[in-house]
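Engineer: Here it is: the structure, laid out below.
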Amino acid sequence: MKLYENGVYLVNGTKLIEDNALAPAAVESMTGAGADREEAAKNTIAYGILKEHNVSGNMEHLQIKFDKLTSHDITFVGIIQTARASGLEKFPIPYVLTNCHNSLCAVGGTINEDDHMFGLTCAKKYGGVYVPPHQAVIHQFAREMLSGGGKMILGSDSHTRYGALGTMAVGEGGPELVKQLLNKTYDIDMPGVIGVYLTGTPQKGVGPQDVALAIIGAVFDRGYVKNKVMEFVGPGVSKLSVDFRIGVDVMTTETTCLTSIWRTDEKVKEFYEIHGRSGDYKELNPGQTAYYDGMIEIDLGEIRPMIAMPFHPSNTYTIEELNANLLEILDDCEKRAEVSFDGAVKPDLKSKVRNGRLYVDQGIIAGCAGGGFENICDAADILRGASIGPDEFTLSVYPASTPIYMELVRNGAAADLMRTGAVLKTAFCGPCFGAGDTPANNAFSIRHSTRNFPNREGSKVQKGQIASVALMDARSIAATAANKGYLTAATDLDVDYTKHKYFFDKTIYDNRVFDSKGKADPSVEIQFGPNIKDWPSMSALPENMVLKVVSEIHDPVTTTDELIPSGETSSFRSNPLGLAEFALSRKDPLYVGRAKEIQKAQKALEEGSCPGDAVEELKTVMKTINEAFPDKDFCKNHAKDVLGFGSTIFAVKPGDGSAREQAASCQKVLGGWANIANEYATKRYRSNLINWGMLPFLADDGELPFANLDYLFIPDIRQAVKEKKSDIAAYVVKEDGLRAFTLHLGSMTDDEREIILKGCLINYYRG
C-alpha cells in the first residue's frame, strides 16, 4: 500500500501521475492537453455529485440539499422532537426510520417500544417510512431500498456509507438532519478528495474487512483522509463483487473521512436489477484527467487476513504477524488499555494464550459490516461439516436484513451454520455498540462489526467488568470457529467457496414496512411514552462567560462512547435529562456532579438570584474578576444576558467514532457552554457542539494554562462571535488575580455563529 505525499492526476482511469514539475508534460503526452489542476479537480466523481446537490452557487462554500434521510431508534426521537420544537409540519424529503438499535426492548420497561410507536406515528403524521424491529439494520435497508447512482443520503449514524452503490452518503449528528427536515442546508467548505486506486485481485480467503482494516491502519494516525472524500477508482474495483465493495466502504468511517464514493460498473447495475430498482443505477467514472488531493494505491493481491486489536480499528496487524509475535503484541495492548482505563481495570489478554496459540472466547458476524449475504455464505462454506465445540467459544451470526436471512434459509447456508453450533439471530446492531452478546469478564471476542472501542462489547469498566474486542473478517472468524476458538486466518484453510447467487425477495418489506409514499396525515396523534421528554429550555449566549473546567482528559483520542456511553444507556436517548446522568460516566464519574454544581449558578441567575449564593466559591471568583474588570460591575448586574455561568471540559482530541449528537447535548443540558480541545477528531462532533450552542474552542498544543476545577473568565464572548474573531481573550481565575491566555474558535459559517448566539439550533429556528 502506498500513500502519495502530493496530489495525483488519474489519467484515463488507469494511470497515476504524481503532481510535481514533470506532471504537466506527462499528462500532456497521454491526453494532448496540459495538466490544469483546478479543472482536473472538477473531474472527480465526488465533485460532480456535490455540484449537483449544492444550492449556494459557490463550489468553495457548499450548501447541500440531500435526496433522502435515514435514522434509527437511538436517534430519530431526538431529531423529530427537535424538528417539532423548531416548526416541523411534514417531512419534505423521504425519511426512513429504522429500528435496529433499541430493538431488544430489554432495558427500562416499555421505553424502547414506546420509542418505536413514536416513530410509527410520526411516519404516518409527517409522511415517512417506518421499518419495524428485526427487519433490517439501518444501512442494509438503505442499500436495498434507498440508494441511487449520483444521489446523496444523510443519516444520523456515523456508518452512513453507500458509496459502493454510487451514492454519496454522510453520517452526521441529529441536528444536521433537523436542518434538512426544515428545508435548510448542510453547510461545509468543499472537502478535499483522496483517491483510492485499486489493482489486483484479493487472495482466496481474504475478505472486505481485511482490506478495510489495512486501509484504516495505514491512514488513521496520519489523518490522511480526515474530513475528506474517499473516491475508489482503478481496475481493481471491477475485480470485487458488490458485497465486497460494500464491506470495504462501510468501514471508511473509521478512517475519519467525510464520505466515500466508488466508480460503478455492470456489477453495480446488476445489484440494482436484483433489487428491482434498475432505474436507480447510474454509471459513474472520473473524467479523462482527474486530480486528487492525495492517493492511496493498493494492490488487493497483497492484502493478508487482518485483525484490529483492542481498543481501536486502527490498531491493526496481519493475523500472521500477531501469531508470530503474540505475547509482545498482547502486552502492548494491555499497556495501552491501562492508559485508556486510568488503571481502573486491567485486561489480561496474555492469559488467552494456550499452548502458544491465541484462544478466542466468542465470534460475532453482524450488522452493516459483517451481516452481508456473501460474508455469511462464505463463513458457512468454511464451517460446513465442522463443529464449534462444547467449550467457551460461541459463534453468533446476524444477517443484516430479513431478505438476506430468507435467502440463507433457502440456499441452505443457514442450516450449515446452525449444525455447527452457531446461533443465527435477527437483524440487530447491538453487537456493534454494546447491547448484545456481552461475553464473560476478561473474555476475548472477535467480530466482523464496525468498532472495537472499550465497552463496545457491553462490559462496564466502572463496575470492574472488562472484555476485549478485536475486529476481523467473517471468513477468518469462521476459520477460527472451525478450529474451535483458536485464532486462524481463512487463508490457512483450503475451502471450496460455493458463491451462491443472491435473489432478493422484498415480500417481508411489503407486508411489514409502513411507507406513506410521502403523504403526511396531520390527523394522526403522536404516541408518546413516559420516557419521551422535551428538550429543556436553553439560554442565549451571554455577553460574558464564567466557565468551570469540570473534566480534563489527556488520552490521545476521546471517543463519543467515552463522552456518552452506548449499550443500555441508549434506552434513555429519548430523555435528555435522564441520559445526561450517564455523561462521561465511563471516563470521569465525577463529571456529572461537578457540572450540575456550577449549573446551579446559571439557574440562580435566570431566576434573578445571586449566583454566589447558589455556589459559594463563586463569591471569591467574582471578586477577583470584578477587581480586574471594575467597569463591568458584575456584583450589581445579575442580568443573565450580561453574564453566564457553566462548565467546560478539556480533551486532547474528542469526538472520534459515532455521530451521536448526545455526546454534545448531554453536556449542554448539564450546563455546558463549551469544549476546549487541541483538535476535534471529526467534523460531525464539532458540528454537534455548535448545533447545541456550545463553543468549540481550540487551545494551543503544549502545557495548558489551566487545570481541572479551575475557573475561566471569557469577557465579551458574544461580541467576539458576532465580529467573527478567531482568537478569543480568556483568563484563568487564580487567588492572586487573572492570568491571560488565548483560545481559538476556528472558521464558522454565519449560520453556525447565529446558532451559537441564540444558544442552540432549536432557539435559532424558533427565531
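The values are calculated or read from the model by the stated rules, or taken from the named source; none is laboratory data. Predicted model, so just to flag it, every value in this text is computed and none were measured. Virtual Cβ from ideal backbone geometry, glycine too; neighbours counted across all protein chains shown.
Engineer: For the condition of a type in the set (Asp, Glu) and under 15 Å from ALA366 (Cβ atoms), what is the one hit in GLU457, GLU392? Steps first, answer last, please.
Structural biologist: Working: GLU392 fails: under 15 Å from ALA366 (Cβ atoms).
Being of a type in the set (Asp, Glu) and under 15 Å from ALA366 (Cβ atoms) holds for just one of GLU457, GLU392, which is GLU457.
Engineer: For segment 311-339, which positions are within 18 Å of ASP210 (Cβ to Cβ), touching a residue at least 12 places away in the same chain (Cβ under 8 Å) and not aliphatic (A, V, I, L, M)? Give the derivation first.
Structural biologist: Of the residues in segment 311-339, the ones within 18 Å of ASP210 (Cβ to Cβ) are 312-324, 329.
Imposing the further condition that a residue be touching a residue at least 12 places away in the same chain (Cβ under 8 Å) reduces the set to 312-320, 322-323, 329.
Selection gives HIS312, PRO313, SER314, ASN315, THR316, TYR317, THR318, GLU320, ASN323.
Engineer: Which one of ILE307, ILE274, ILE303, ILE319 is under 30 Å from VAL11 (Cβ atoms), of a type in the set (A, V, I, L, M, F, W, C) and at pLDDT 95 or above?
Structural biologist: ILE303
Engineer: In segment 711-740, how many residues are in contact with a Leu (Cβ under 9 Å, 6 or more places away or on another chain) and not basic (Lys, Arg)? Spell out how you get there, then give the answer.
Structural biologist: Of segment 711-740, the ones in contact with a Leu (Cβ under 9 Å, 6 or more places away or on another chain) are 711-714, 717-718, 720-722, 724-733.
After this cut, where a residue has to be not basic (Lys, Arg) as well, the list is 711-714, 717, 720-721, 726-733.
Going through segment 711-740 one residue at a time, the tally reaches 15.
Engineer: Out of the residues in segment 659-681 that are of a type in the set (Gly, Ala, Ser) and within 14 Å of ALA583 (Cβ to Cβ), which is farthest from the chain's Cα centre (by Cα)? Step through it out loud before you land on a result.
Structural biologist: We begin by selecting, within segment 659-681, every residue of a type in the set (Gly, Ala, Ser); these are 659, 663-665, 671-672, 674, 677, 681.
Among the residues that remain, those that are also within 14 Å of ALA583 (Cβ to Cβ) are: 663-665, 671-672.
Details: ALA663: 12, ALA664: 14, SER665: 16, GLY671: 25, GLY672: 22 Å.
Among residues in segment 659-681 that are of a type in the set (Gly, Ala, Ser) and within 14 Å of ALA583 (Cβ to Cβ), the one farthest from the chain's Cα centre (by Cα) is GLY671.
Engineer: Same structure again: Tally up the residues in segment 202-223 that are touching a residue at least 60 places away in the same chain (Cβ under 8 Å), part of a loop (DSSP other than H, G, I, E, B) and out of contact with any Leu (no Cβ under 6 Å at 6 or more places or on another chain), please.
Structural biologist: Total meeting the criteria: 8.
Engineer: From the list GLY612, GLY646, which residue is touching a Phe, Trp or Tyr at 6+ places or on another chain (Cβ under 8 Å) and either β-branched (Val, Ile, Thr) or not in a loop (DSSP other than H, G, I, E, B) (or both)?
Structural biologist: Values: GLY612 fails: touching a Phe, Trp or Tyr at 6+ places or on another chain (Cβ under 8 Å).
Within the list GLY612, GLY646, the selection yields GLY646.
Engineer: Out of the residues in segment 277-300 meeting the condition of being of a type in the set (S, T, N, Q) and assigned to a loop (DSSP other than H, G, I, E, B), tell me which one is modelled with the highest pLDDT. Full working, then the answer.
Structural biologist: Of the residues in segment 277-300, the ones of a type in the set (S, T, N, Q) are 278, 285, 288-289.
Remaining after also requiring assigned to a loop (DSSP other than H, G, I, E, B): 285, 288.
On the way: ASN285: 97, GLN288: 94.
The extreme case among them is ASN285.
Engineer: Could you check segment 237-272 and list, in sequence order, the residues that are among the small types (Gly, Ala, Ser) and in a helix (DSSP H, G or I)? Don't jump to the end; show me each part of the working.
Structural biologist: Looking only at segment 237-272, we keep the residues that are among the small types (Gly, Ala, Ser), and these are 238, 241, 247, 260.
Matches in segment 237-272: SER238, GLY247.
Engineer: What are the pairs, 6+ residues apart or on separate chains, where a residue within segment 403-424 that is in contact (Cβ under 8 Å) with a residue 60 or more places away in the chain has its Cβ under 9 Å from a residue that is surrounded by fewer than 18 Cβ atoms within 10 Å (Cβ to Cβ) and among the hydroxyl-bearing types (Ser, Thr, Tyr)?
Structural biologist: Pairs that qualify, where the first residue is in contact (Cβ under 8 Å) with a residue 60 or more places away in the chain and the partner is surrounded by fewer than 18 Cβ atoms within 10 Å (Cβ to Cβ) and among the hydroxyl-bearing types (Ser, Thr, Tyr), are PRO403/THR507; MET406/THR507; ASN411/THR498; ALA413/THR498; THR420/SER387.
Engineer: Taking LYS548, is it farther than 22 Å from MET694 by Cα, of a type outside the set (Ser, Thr, Tyr), outside any helix (DSSP H, G or I) and modelled with pLDDT of 90 or more? Outline the logic, then answer.
Structural biologist: Working: farther than 22 Å from MET694 by Cα: no; of a type outside the set (Ser, Thr, Tyr): yes; outside any helix (DSSP H, G or I): yes; modelled with pLDDT of 90 or more: yes.
In short, no.
Engineer: When you go through (1) over 24 Å from GLY644 (Cα atoms); (2) of a type in the set (Ser, Thr, Tyr); (3) surrounded by fewer than 19 Cβ atoms within 10 Å (Cβ to Cβ) one by one for SER609, which number turns out not to apply?
Structural biologist: Every condition holds for SER609 apart from (1).
Engineer: Quick one: which of LEU62, LEU97, LEU69, LEU146 is in contact (Cβ under 8 Å) with a residue 60 or more places away in the chain and touching a Phe, Trp or Tyr at 6+ places or on another chain (Cβ under 7 Å)? So that I can check it myself, show each step before the final result.
Structural biologist: Details: LEU62 fails: touching a Phe, Trp or Tyr at 6+ places or on another chain (Cβ under 7 Å); LEU97 fails: in contact (Cβ under 8 Å) with a residue 60 or more places away in the chain; LEU146 fails: touching a Phe, Trp or Tyr at 6+ places or on another chain (Cβ under 7 Å).
Just one listed residue meets the conditions, LEU69.
Engineer: Show the residue pairs that are 6+ apart or on different chains and have beta-carbon atoms under 6 Å apart, the first residue being within segment 542-568 and farther than 18 Å from SER459 by Cβ, the second being surrounded by 22 or more Cβ atoms within 10 Å (Cβ to Cβ) and among the β-branched types (Val, Ile, Thr).
Structural biologist: MET545/ILE714; MET545/ILE717; LEU547/THR648; LYS548/ILE598; VAL549/THR648; SER551/ILE649
Engineer: Any chance you could count how many residues in segment 615-626 are under 11 Å from VAL546 (Cβ atoms) and part of a loop (DSSP other than H, G, I, E, B)?
Structural biologist: Result for segment 615-626: 1.
Engineer: With the structure loaded, tell me whether SER351 is surrounded by fewer than 21 Cβ atoms within 10 Å (Cβ to Cβ), in contact (Cβ under 8 Å) with a residue 24 or more places away in the chain and assigned to a strand (DSSP E or B) or whether it fails that test.
Structural biologist: Values: surrounded by fewer than 21 Cβ atoms within 10 Å (Cβ to Cβ): yes; in contact (Cβ under 8 Å) with a residue 24 or more places away in the chain: yes; assigned to a strand (DSSP E or B): no.
Against the criterion (surrounded by fewer than 21 Cβ atoms within 10 Å (Cβ to Cβ), in contact (Cβ under 8 Å) with a residue 24 or more places away in the chain and assigned to a strand (DSSP E or B)), SER351 does not qualify.
Engineer: Scan segment 1-22 for residues that are of a type in the set (A, V, I, L, M) and within 19 Å of GLY234 (Cα to Cα) and jot them down. Show your work before the answer.
Structural biologist: To start, the set of residues in segment 1-22 that are of a type in the set (A, V, I, L, M) comprises 1, 3, 8, 10-11, 16-17, 21-22.
Once the filter is applied, which keeps residues that are of a type in the set (A, V, I, L, M) and within 19 Å of GLY234 (Cα to Cα), segment 1-22 yields MET1, LEU3, VAL8, LEU10, VAL11, LEU16, ILE17.
Engineer: Show the residue pairs meeting these rules: Cβ distance below 6 Å; 6+ apart or different chains; first residue within segment 719-746 and over 17 Å from ALA628 (Cβ atoms) and without any contact (Cβ under 8 Å) to a residue 40 or more places away in the chain; second residue among the β-branched types (Val, Ile, Thr) and not in a loop (DSSP other than H, G, I, E, B).
Structural biologist: ALA720/ILE728; ASP727/THR742
Engineer: A further question follows. Given (1) closer than 21 Å to GLU562 by Cβ; (2) of a type outside the set (Asp, Glu); (3) modelled with pLDDT of 90 or more, identify the lone condition not met by LEU493.
Structural biologist: With respect to (1) closer than 21 Å to GLU562 by Cβ; (2) of a type outside the set (Asp, Glu); (3) modelled with pLDDT of 90 or more, LEU493 is out only on (1).
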